[in-house]
Amino acid sequence: MPKVTAMMIVRNEANRYLERCLKALTNYVDELVILDDASTDATPEICLSFPMVKLYCRDTPLFLKDEAQLRHELWHYTVATNPEWILALDADEFLETRAVRELPYLLKQDFFPAISFRLFDCWGREDYYRVDGLWNPWLRGFSIYLVKYQPWLDAAWPLQKFHCGRLPLAYRHLPHLESDLRIKHLGWANPADIRAKYERAVSQDPTFKYMPREHYESILWPADKIKLEKWQD
Amino acid sequence: MTTKKVALLTTNFFHPTNERIIMGGAERYQVDLCRLLRELGFYVEVWQIGSGWTREFDGVRIRSIPVSRSEYHTFPDLSTAFYENSMAFDYAIYFILTLAYPIAREKSIAISHGIFWDWPGFDLMAGRLEERQEWLRRLGIALTGPQKLISVDTNTINFFNATLPGFYHKWEYIPNYVDTDLFHPPEEEKNSTDTIRVLFPRRLVPVRGINETMRAAEKLTARYPWIEFHFCGRGHDDNAERLMSQWIATQERCFYYWKPLEMMPEVYRQADIVIIPSRSTEGTSLAALEAMASGRPVIAGLAGGLSDIVLHGYNGYLIKPTVENLVAAIEDLARDKAKRQIMGQRAREVAMTFNRKIWAERWARVLETVFR
């Protein structure tokens, strides 16, 4: 089986989904490179309790200042593990369970150097995802999360500090296979997190350069305006 | 001896504006043909519509020509630009018949993947007599240029011999193919007769009979608690896939997904009955051949070249794919294990004569006569 290295940026994930996420990843990745962005909780200890994890820790947080620089650093550590494929997931994202059985086929195929997936934003709970407006996972398309490592490709990020993407720009232009495996995103699943996440998102994009104002405002919509669909396994 | 260069002209291998690429039958054919040409020692490049970008896929350079005008189902600007700019190439392949209009390279071959003008929408677009005449006139010119015309089914050849006669000697029948080593029946057929899985391994488009199949699935799953329907294929846009997912969520024992090519042999092996209920625009369907090679009886629609590979009552059923006919045919096979088995075995035997090696040999012979 081709070697898969996953890479991840974490910060203060101890009371969130980190442990579950790492446990899930042990099922299909060979190594996991984690860059800890100066956590102040038990995040590093949780990471290190998994033998496949290679942990790198920063003393000062960088994510909110220059995400691209942080991503670039993580990429550098990741390719040092000599991977054949690289999987870029966050600590609150889960490939659905059948991925364990189906990923080997994606890794062994040789037509496509990149695999894209649909992301489903669970909203306020873990078994329903959001489908109104730009949240609709069926209509907003696929994003690349899994790429074949190609040392000859340029590893540069676009010149922007936020919303810079998880992978080097060159990898995002590869012909990709759109997989029907879904990614469950739990970032919005806890109602207590939603307001803080809204404030962070708006403070990072005060001029609404990356997303329309309405989309940010829809984060705080009352329950009756939000449309949900049940997650079927 | 220097390496001879072949340019293959097509319209959209990559979507002209983005990276989206869905490996349908025609795309797979193109990849396989390029591989064959390279195995035979040719250098191959693909040319298509696009903004002028150059990309690579499967080790083949793909160039785009920034033209997009199409009229009467031909692409005169694309064909002319290709003709003028591909002089450095020794030979050409027109991946779509009409691309050989209005001018074709001298040492060239054109391919027909089956008749696509038998769907009702075509009549809406080219229904007026003078438009139809102009379209046919252009087709006649497209047939004149290339030295050989390849057809994946006999249906197309018969149509042209009756409609635009005089090209009989140019036509070569090279039906589609299947890798019979990759697609094979399971080592051991499952014993349990508990569940019957019906597989629809097609894209979600009306001409492939998706709507009839959905209705038939509703009826049959309501009637038999042991029947399952599996819809395995992409939609043409995100909306089609969303609507399908929503419909599936309301159904018992119906499933929707798609799989990478590498998983398809397993998908066929897990099915009991495979349906290819096309109404039109069909050649010798790769999906039908793959199902047959996997030892599965095929219920096929009466369209295009499906009658070249399915004999009604021998290795499957060839039906007009109405809901009633589909329900009856599926019911018949679902309830009769012995029939499924014997038809499945025969399907495998028939598929052996469409082996990929035979396809490659036939192509090699044609290439020998033209590319010299």
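Read-outs throughout are calculated quantities, based only on the coordinates presented, and are distinct from any laboratory measurement. Keep in mind that this is a model prediction, so the values were computed, not measured. For neighbour counting, all protein chains shown are included, and Cβ atoms are generated from backbone atoms with ideal geometry for every residue, glycine included.
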* For region B:196-352, how big is Rg over Rh, using alpha carbon atoms and the Kirkwood form of Rh? -> 0.93
* Under a point spin-label approximation (7 Å from Cα along Cα-to-Cβ), what is the B:ILE358-A:ASP132 distance to one decimal in nm? -> 5.9
* Förster-model FRET efficiency, 51 Å R0, A:THR81 and B:ALA240, C-beta, rounded to 0.05 -> 0.80
* What are the residues whose amide H is under 5 Å from the amide H of A:PHE162, where those residues sit 5 or more places off or on another chain and H is modelled from the backbone? -> none
* Structure fact -> Given a Förster distance of 22 Å, the FRET efficiency implied by the Cβ-Cβ spacing of B:ASP336 and B:GLN270, rounded to the nearest 0.05, works out to 0.65
* Taking the mean number of other Cβ atoms within 10 Å as a proxy for protection, how do you rank A:12-20, B:299-307, A:170-178 from highest to lowest? -> B:299-307, A:170-178, A:12-20
* Structure fact -> Classified through the alpha carbon gyration tensor (a ≥ b ≥ c as square roots of its eigenvalues; rounded if a/c is under 1.5, else prolate when a/b is larger than b/c, else oblate), region A:51-150 comes out oblate
* According to the square roots a ≥ b ≥ c of the eigenvalues of the Cα gyration tensor, what is the shape class of region A:4-230, taking rounded for a/c under 1.5, prolate for a/b larger than b/c otherwise, and oblate for the remainder? -> rounded
* Say each of B:ASP181 and A:LYS65 gets a label point 7 Å from the Cα, pointing the same way as Cα to Cβ; how far apart are those two points in nm? -> 5.8
* Inter-probe distance in nm under a simple model that places probes 7 Å from Cα toward Cβ, at A:LYS23 and B:THR322 -> 5.6
* To do: Please work out the ratio of the alpha-carbon Rg of region B:261-372 to 2.2 N^0.38 Å and round it to two decimals.
  => 1.15
* Structure fact -> Note: B:ALA222 to B:ARG35 extended length (0.36 nm per residue) minus current alpha-carbon separation gives 62.7 nm
* **Computed [θ] at 222 nm, deg cm²/dmol, chain B (DSSP H ≥ 4; -39,500 (n - 2.57); rounded to nearest 500)** => -11500 deg cm²/dmol
* To do: Identify all lysines with a Cα-Cα distance to A:LYS227 below 20 Å; exclude those on the same chain that are fewer than 8 residues away in sequence.
  => A:LYS184, A:LYS197
* Asked: Taking the highest mean first, how do the peptides A:117-124, B:29-36 order by number of other beta carbon atoms within 10 angstrom per residue?
  -> A:117-124, B:29-36
* Asked: Counting only the backbone N, which residues of region A:31-59 are under 17 Å from the spot 7 Å out from the Cα of A:ASN15 toward its beta-carbon?
  -> A:39-46
* To do: Set the Förster distance to 60 Å, then compute FRET efficiency between A:GLU45 and B:ILE141 from the Cβ-Cβ distance, nearest 0.05.
  => 0.20
* To do: Would you tell me the mean number of C-beta atoms belonging to other protein chains that fall within 10 Å of each C-beta in A:172-178, as a whole number?
  => 5
* Asked: Applying the Karplus parametrisation 6.51 cos²θ - 1.76 cosθ + 1.60 with θ = phi - 60° to the phi angles of region B:68-79, what ³J(HN,Hα) value in whole Hz is obtained for each residue in order, glycine and proline being reported as x?
  -> 9, 4, 10, 9, 6, 6, 10, 10, x, 5, 4, 5
* Computed [θ] at 222 nm, helices only, for chain A once each DSSP H run of length n ≥ 4 contributes -39500 (n - 2.57) -> -7000 deg cm²/dmol
* Highest average packing first - B:341-349, B:233-241, Cβ atoms within 10 Å -> B:341-349, B:233-241
* Links that overshoot a 23 Å alpha carbon limit, given the list A:LYS108/A:LYS161; A:LYS148/A:LYS209; A:LYS23/A:LYS54; B:LYS190/B:LYS337 -> A:LYS108/A:LYS161; A:LYS148/A:LYS209
* Grab the Cα-Cα distance for A:TYR105 and A:ALA196, subtract it from 0.36 nm times how many residues apart they are, and report the gain in nm with one decimal. => 28.8 nm
* Give me the number: length gained by fully extending A:THR97 to A:GLU214, i.e. 0.36 nm times residue separation minus the C-alpha to C-alpha distance, one decimal in nm. => 38.8 nm
* Structure fact -> Mean other chain Cβ within 10 Å across B:54-67 is 1
* To do: Over the whole of A:129-142, what's the average partner chain Cβ count within 10 Å per residue? Rounded to a whole number, please.
  => 2
* Structure fact -> Gyration tensor on Cα atoms of the protein assembly as shown, a ≥ b ≥ c root eigenvalues, a/c under 1.5 rounded, else prolate if a/b beats b/c, else oblate, says prolate
